[in-house]
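Quick notes on the structure that follows.
The values are calculated or read from the model by the stated rules, or taken from the named source; none is laboratory data. None of the values given here were measured: they were computed from a predicted structure. So basically every Cβ, Gly included, is an ideal-geometry build from the backbone, and we count neighbours across all protein chains shown.
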Amino acid sequence: MAGDNEDEDVQLEARLAEQDSFEPSEEFVEQANVSDPGIYEEFEENWPDCWEGAADLLDWDEEYTEVLDDEDAPFYEWFGDGELNAAYNCIDRHIEEGRGDEVAIDWVGEPTDETRTYTYDELYEEVNQTAAAFRELGVEEDDVVTMYLPMIPELPIAMLACARIGAPHSVVFAGFSADALATRMKSADSEFLITCDGYYRRGDALDHLEKANEGLDDVDHDTTTVVVDRLGEEGFGHDLGEDQLDYADLIADHEGAEVEPVTRNAEDMLFLMYTSGTTGEPKGVKHTTGGYLAYTAWTTHAVLDVKPEDTYWCSADIGWITGHSYIVYGPLALGTTSVMYEGTPDYPEKDRLWEIVEDYDVTQLYTAPTAIRAFMKWGEEYPNEHDLSSLRLLGTVGEPINPRAWKWYYKHIGDEECPVVDTWWQTENGGHMVTTLPGIGTMKPGSAGPPLPGISANVVDTNGEEVEAGRAGYLTIDRPWPGMLRTLYKNDDRFIDEYWREYSDPDSDEWVYFPEDGAKIDEDGYITVLGRVDDVLNVSGHRLGTMEIESAIVGVEGVAEAAVVGGDHEMKGEAVYAYVITEDGHEGDEDLRKGIVAGVEDAIGPIARPEQVVFTDELPKTRSGKIMRRLLEDIANEEELGDTSTLRNPDVVSEIQQRVQND
Ligand code: 6R9
C-alpha cells in the first residue's frame, strides 16, 4: 500500500483495537442460511422436537417416530428407530438430484503441481469400488476399520466406503506414533488397516509404512492391511507383507462395482475417534449414524453458512474430529464442494493458503487460532499479495482466540466483510455447541458467543450453581443434543465417570455433561471459554485461567505467542510462568518483559503478574498443535520431564530448560 494510506491504516488499526463488538454486514445477513433471531426461542419452545429440522436435512430409509429417548439417560438415543445410510446421504442423493457433475472434493497436494478433483459422480465410483474391495477382504457390517492416512483423497473415500457397508471407521491421525496406532487398533479389536507408503511434508517424502508396520508388530490379533501408493517412484521401495495389499490393485478388480448402501439404524455406530483424556489411556469416543450426521449437517448449514454452490475449506486434518465433521460429513451431506489440502501453510511459501483461496475462489475458511497467530507473525504482506474477495465467512476452532488475533483475521483475511464464527466444541460433542450464528449475532472478539439454539450451556461454580456475569466458573451442558457421543467404546463406566459424574444428580435423573473447560459468561449470555480446567492456576488462593493470562500477553505489542503454566511457589502456592515467542523484528529483552508484566497487570490484575518470563523461539506442541503445558510446568518446577515422545518438536524442550536455568 502506498505511503499516503499509512495514516489511514494506523487510524483503522486504532479503531479496531478499541472496538469490542462487530455486526455482520447487511449483505451477509440477506443471504444467510439462518437470519431470523426468533430461532433461539423457537428451539426453546419446541425442544427436543426442534431437532427435527436437522433430521430433515437428511434422507431417511425409514422415518423415525421418536426424536429423543431419554429412558436410559445419560445413554440418550436420537431419532432412535429411524434408518439411513451416511454414504448415501453424502453422495448418492446429490447425484439423484442431477448434481453428479458438481465437485465434491477439490484436493490440493503439497507439491504445487498436484491436484485432484472428484465430482459427486467420480466420488460415487471410487467409493463403490472401495466398498466392494473392502467386502472382498472380509470387512463385515460393524467391523471396525482403522485408517492411518494423511490428507490424501483415499482417506475420505475409505471412510465413506466403510459408511456405505456399515463398518465403523477409526481414523488415527497420521502424525501419531506407531504406539498410538497399536493402542487404538487393539482397543477397538480392529482387524483392518488402511494406510499408505508415505507422504510429503515441506518437500520431503516421509516414510509412513515403516511406522505403520512398527505399530502392527505390536498388535497381537490377525490383521489385513491395504496400502495406498502415495509417493510412486519417490517411495521407499517397501515390499508389502503377507497380509498387505496394494490399494490400486485391489480396487482395480472392482471397477464399475455398485454396492447397495447398507441401511443402518440411526443409533448404529458411524465411527470411533480416539481422543486424549486426563489419564494416559485414550478414550474411544463413539458417534452414531443419525444424530451425528443430522447435527453436523445442520451446524454446517447454520454456523458455516454452507450452500451447495459454495467452495468451502476447512484446513484441519481429517485425523481430528474437526476434519471428520467439517471436511467430510457435514459439507458432503449438504452437497457442497469441500477443499482438502495435503500440506502446511508455509510451504513452499508463507502465502500458500492465500494462493489456494484465490485459485479456488474459496467462500468459507475454517481454521485454528494457532494458525492465525502464525499468519500474524509472518505478516500481512502474504495475504495482501492475493485476491481473497471470494471469502464470505471465516471460522476458528480448537482453542480460545485472543481478541487481537480475531481482529487480525477479521481485517487482513476477511477485509472487515466476513463474519467470524468462533466455534467452541469438542470431539465428544460431534459438532459446534457455542458460537454466534453468523447471520444473526453480534460478534465479540475473544468470546465464542451464546450456546447454539437448542443447546443449554451454563457457567457454574463447584457446587453447580450458576456464577454471576463476568466471574470464572465451569462450563456445563444440562441437556442432550443429537451430535453427542453415545459412550466410550466398550467402557460405559468411564463414560459416566469422565463426563457425567461431576455435576449430575442421578437420584433425581438430572444429567449434566461436564466438558472440563473453564468459562465465563457476560450479561448477554456470551460465553468466553478459558480453557481446560486442568490448566487453571491457583495463585494465592485466586483462580486464574492460563488462557486468560496468555490472551493478555499475546495482546502486548511484540508478542507472537505465549504459553502460561503454574510453577510451585512457596508463598503463593502457584506462580505464573510465561513462555513467550516474540514477533519478527522484536527482541525478547527487559523492555518487552516489563511490557508483558504491565499488560497482564492491566488486563487481569497484579495477582496474575508473571513470576518469570522466558523468551523462546518455539513452544513444545503436540502434533495437533496444542501446547504441551504439562512439560512447561515440569520445566518451571525443575522436575523430571514427562513423556516428550508425542511432541512435534522434542528438541525445543531442552532449549527452554537451559534458558530457564540461565535466568
Ligand atoms: C473441536 C476440537 C476440545 C477442547 C475444548 C476446549 C478447546 C475448542 C474452542 C476451544 C475455546 C474455542 N476448544 N474450540 N476453546 N474456544 N472455539 O477442538 O475438539 O480436539 O476434542 O478439543 O479444545 O478446551 O475442550 P478437541
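Here are a few things to note about the model shown:
- Only listed residue being of a type outside the set (D, E) and touching a Gly at 6+ places or on another chain (Cβ under 6 Å), chosen from A188, A212, A182: A182
- Residue list for the range 604-628, restricted to those being closer than 25 Å to L181 by Cα and touching a helix residue (DSSP H, G or I) at 6+ places or on another chain (Cβ under 6 Å): P620, G625
- Of the residues L592, L632, L647, the single one that is in contact with a Pro (Cβ under 6 Å, 6 or more places away or on another chain) and surrounded by 16 or more Cβ atoms within 10 Å (Cβ to Cβ) is L647.
- Of everything in the range 187-225 that is crowded, with 18+ Cβ neighbours inside 10 Å and touching a helix residue (DSSP H, G or I) at 6+ places or on another chain (Cβ under 6 Å), the residue that is farthest from D239 (Cα to Cα) is V219.
- Scanning the range 226-244 for residues that are crowded, with 18+ Cβ neighbours inside 10 Å and closer than 19 Å to S190 by Cα turns up V226, V227, V228, Q244.
- Residues satisfying the stated conditions in the range 437-448, i.e. surrounded by 24 or more Cβ atoms within 10 Å (Cβ to Cβ) and either over 17 Å from the mean Cα position of the chain (by Cα) or modelled with pLDDT under 95 (or both): L437, P438, S447
- From G198, G235, residue being of a type outside the set (K, R) and at pLDDT below 95: G235
- Strands (runs of 3 or more DSSP E) wholly inside the range 152-262 that include at least 3 residues being more than 21 Å from T275 (Cα to Cα): 198-201, 204-207, 224-228, 244-246
- Restricting T279, T225, T275 to residues that are modelled with pLDDT of 95 or more and among the β-branched types (V, I, T) narrows the list to T225.
- Among the strands (runs of 3 or more DSSP E) confined to the range 453-568, the ones with at least 2 residues that are at pLDDT 90 or above are located at 457-460, 472-477, 517-521, 527-532.
- Scanning the range 16-73 for residues that are closer than 23 Å to L304 by Cβ, of a type in the set (G, A, S) and surrounded by 12 or more Cβ atoms within 10 Å (Cβ to Cβ) yields S21, S25, A32, S35, G53, A54, A55.
- Residues of the range 602-644 that are part of a strand (DSSP E or B) and away from the ligand (no atom under 16 Å from the Cβ): P610, E611, Q612, V613, V614, F615.
- Check on T296, crowded, with 24+ Cβ neighbours inside 10 Å, at pLDDT 95 or above and within 25 Å of P150 (Cβ to Cβ): yes
- If the condition is being more than 18 Å from the chain's Cα centre (by Cα), part of a loop (DSSP other than H, G, I, E, B) and within 16 Å of the ligand (Cβ to nearest atom), then the range 401-436 contributes only P419.
- Any hit, the range 264-283, residues being over 16 Å from V171 (Cβ atoms), in contact with a helix residue (DSSP H, G or I) (Cβ under 7 Å, 6 or more places away or on another chain) and hydrophobic (A, V, I, L, M, F, W, C): yes
- Residue count, the range 49-94 (criterion: in a loop (DSSP other than H, G, I, E, B) and under 26 Å from the mean Cα position of the chain (by Cα)): 8
For every residue, the table says whether it meets (1) buried (at least 20 other Cβ atoms within 10 Å of the Cβ); (2) among the small types (G, A, S); (3) farther than 23 Å from V653 by Cβ.
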{"position": "G585", "(1), (2), (3)": "no, yes, yes"}
{"position": "G588", "(1), (2), (3)": "no, yes, no"}
{"position": "P606", "(1), (2), (3)": "no, no, yes"}
{"position": "V613", "(1), (2), (3)": "yes, no, no"}
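- Exactly one residue out of P451, P445, P482 is of a type outside the set (S, T, Y), outside the structural domain of V554 (by TED's automatic domain parsing), under 26 Å from F271 (Cβ atoms) and within 14 Å of the ligand (Cβ to nearest atom), and it is P451.
Residue-wise test of (1) buried (at least 21 other Cβ atoms within 10 Å of the Cβ); (2) away from the ligand (no atom under 16 Å from the Cβ); (3) without any contact (Cβ under 8 Å) to a residue 40 or more places away in the chain; (4) among the β-branched types (V, I, T).
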{"position": "D478", "(1), (2), (3), (4)": "no, yes, yes, no"}
{"position": "K490", "(1), (2), (3), (4)": "no, yes, no, no"}
{"position": "I496", "(1), (2), (3), (4)": "no, yes, no, yes"}
{"position": "E510", "(1), (2), (3), (4)": "no, yes, yes, no"}
{"position": "P515", "(1), (2), (3), (4)": "yes, no, no, no"}
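- Pick from the range 395-419, criterion without any contact (Cβ under 8 Å) to a residue 40 or more places away in the chain and buried (at least 23 other Cβ atoms within 10 Å of the Cβ), ranking: farthest from A17 (Cα to Cα): T396
- Some residue of the range 66-80 being farther than 25 Å from S504 by Cβ and at pLDDT 95 or above: no
- The range 139-195, residues that are modelled with pLDDT of 95 or more and among the β-branched types (V, I, T): V139, V144, V145, T146, I152, I157, I165, V171, I194, T195
- S504 vs. criteria crowded, with 18+ Cβ neighbours inside 10 Å and away from the ligand (no atom under 16 Å from the Cβ): yes
- Among the conditions (1) free of Cβ contacts under 8 Å to residues at least 40 places away in the same chain; (2) surrounded by fewer than 21 Cβ atoms within 10 Å (Cβ to Cβ); (3) within 26 Å of the chain's Cα centre (by Cα), T112 misses just one, which is (1).
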